[in-house]
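This report concerns only the one structure given below.
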Amino acid sequence: MGSVLAASAPSPPPPGPGGAGLVSVPPGFTMPSVSPVSVTGGSINGQLKTDHPLPNPGAFEECHRKCKEIFPMQMEGVRITVNKGLSNNFQVNHTTLLSTLEDSSYRFGATYVGTKQTGPAEAFPVMVGDMDNSGSLNAQVIHQITDKVRSKLAFQTQQQKFVNWQGDAEFRGKDFTAAVTFGNPDVLVGSGIVVAHYLQSVTSSLALGGELVYHKRPGEEGTVMSLAGRYTGSNFIATLTLGGAGAHVSYYHKANDQLQVGVELEASTRMQDTSVSFGYQLDVPKANLVFKGSLDSNWVVGATLEKKLQPLPLSLALCAFLNHRKNKFQCGFGVTIG
Amino acid sequence: MIKSEGNVSVKARELSPDSGRVETRPPEGEIEGDDEDEELDETLLERLWGLTEMFPDSMRSAAEVSAQCSLSVAKKLYSFSRSALWVGTTSFMILVLPVVFETERLQLEQQQLQQQRQILLGPNAGMSGGMAGMMPPAPGKL
């Protein structure tokens, strides 16, 4: 279906307390955990050092992203998604979520991919929108303004009230990436969050960078700074993020074509706890199967199984999560058509 | 025995005219019989317990402590093994079982395919590259 699917812009996440994207958001501030467009690796210029991932809010999780992608996603209830491509540039999806814990809902989403082609799998502008049956909207607009500058705008509303609005601009140099993000700027009240990211390749496999968060509220302002380093080996990636908000270490290892393994350690000063998780992803393309499992230090065991049911364009997702400590179990399944 | 009986009868005769004197002691035969019966039931355990009194106090307390300890350890071990078995089984069911099912199914499918190919095209058809001697006559017909 042409460039719409190739750009693979995921729909923005459902509304909820954000702050998951930013490393160090103080309480009271919410930032959308906006998932960035997964862009293929960046331009590699000849013999120069490898380029860097997009520094979005939660940019250093682009360093941590490879490891986080291995972990299964928890879902509950039944989710039925219908994807329909209307043209080369436009795609529409309907999602019905029947939930056991919350209200059931219906979401309508649309993805538009523009005509400015910057690479084999990238085309801009990308506009992704998602609306709930109660009127909550998630929208993202990503555009490549010039050769090296890409910008993104994202909005999130809860019914008709704007919960998150942010804009960012990212500059990709030869061997560095710099980005600035403005989150929930409110000129009238005088509050907002500004995040600056910088990531520089030091050698062909080592990248170092930092993040600075400045938040302001009437009567309160502060900054949080953190440093990040990422080392890429032949079949592994190790990332470390240290800062005022805690430490985050992740290790991703590709054992063979079928098995990928990740270990993650998170220590948060805000919530005063640490957790270690171990996850693995098993690909069996012959059986059209992707299996992700995870094991946690909080005694949580979870797994997700995704299977393409050939020859129909159906895919089935099953998920089960068990919390041994609280003795709570959650399972869900989803069907994607198209 | 005759002597005791004689004593009993003597005592009874002695007592009966004497109403002032209260005889609290039951007749000897009965005493002896009762004591024997009761002592037989109780003293077995009490005797055995009494035997332990010959050990020094420290040893007795050490034995008591170690017995209690081993009992509590056994209880803890039992409950630990129960919960470990539960956690292990459910985690195995969640983490490993689906993959095992799917790979087994895949293997069976492939086996079936191979068998079908064998039936269709003769033996050695399932092997990759095994073409010698099984050329069907179809090209000739074409």
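Overview of values
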item: Complete set of residues in the stretch A:293-322 that are open to solvent by 40 Å² or more (accessible area, probe 1.4 Å), in a strand (DSSP E or B) and closer than 26 Å to residue A:264 by Cβ; result: A:295, A:296, A:306, A:318
item: Qualifying position, being modelled with pLDDT of 55 or more, open to solvent by 90 Å² or more (accessible area, probe 1.4 Å), more than 30 Å from residue A:287 (Cβ to Cβ) and more than 30 Å from the chain's Cα centre (by Cα), among B:40, B:45; result: B:40
item: Any hit, the stretch A:76-92, residues being touching a Gly at 6+ places or on another chain (Cβ under 8 Å), β-branched (Val, Ile, Thr) and open to solvent by 50 Å² or more (accessible area, probe 1.4 Å); result: yes
item: Residue list for the stretch A:236-263, filter: farther than 22 Å from residue A:212 by Cβ, open to solvent by less than 60 Å² (accessible area, probe 1.4 Å) and assigned to a loop (DSSP other than H, G, I, E, B); result: A:255
item: Residue identified as touching a Ser or Thr at 6+ places or on another chain (Cβ under 9 Å), over 18 Å from residue A:72 (Cβ atoms) and touching a residue at least 24 places away in the same chain (Cβ under 8 Å) among A:239, A:274; result: A:239
item: Residue ID - nearest to residue A:85 (Cα to Cα), chosen from residues in the stretch A:297-338 that are within 13 Å of chain B (Cβ to nearest Cβ) and among the β-branched types (Val, Ile, Thr); result: A:304
item: Number of positions in the stretch B:94-116 that are open to solvent by 100 Å² or more (accessible area, probe 1.4 Å) and within 9 Å of another protein chain (Cβ to nearest Cβ); result: 1
item: Index of the failed condition, residue A:222 passing every other in (1) touching a strand residue (DSSP E or B) at 6+ places or on another chain (Cβ under 9 Å); (2) surrounded by 13 or more Cβ atoms within 10 Å (Cβ to Cβ); (3) modelled with pLDDT under 95; result: (2)
item: Qualifying residue in the stretch A:62-79 (condition: closer than 19 Å to residue A:119 by Cβ and modelled with pLDDT under 90); result: yes
item: Test: residue in the stretch A:266-273 that is modelled with pLDDT under 95, under 20 Å from the mean Cα position of the chain (by Cα), in a strand (DSSP E or B) and of a type outside the set (A, V, I, L, M); result: yes
item: Conditions (1) without any contact (Cβ under 8 Å) to a residue 12 or more places away in the chain; (2) under 22 Å from residue A:241 (Cβ atoms); number of the one not met by residue A:186; result: (2)
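The values are calculated or read from the model by the stated rules, or taken from the named source; none is laboratory data. As the structure is a prediction and not an experimental result, all values here were calculated from the model. Note that each Cβ is placed from the backbone with ideal geometry, even for glycine, and that neighbours are counted across all protein chains shown. SASA here: full protein model, heavy atoms, side chains in, ligands and nucleic acids out. Shrake-Rupley method; radii C 1.70, N 1.55, O 1.52, S 1.80 Å.
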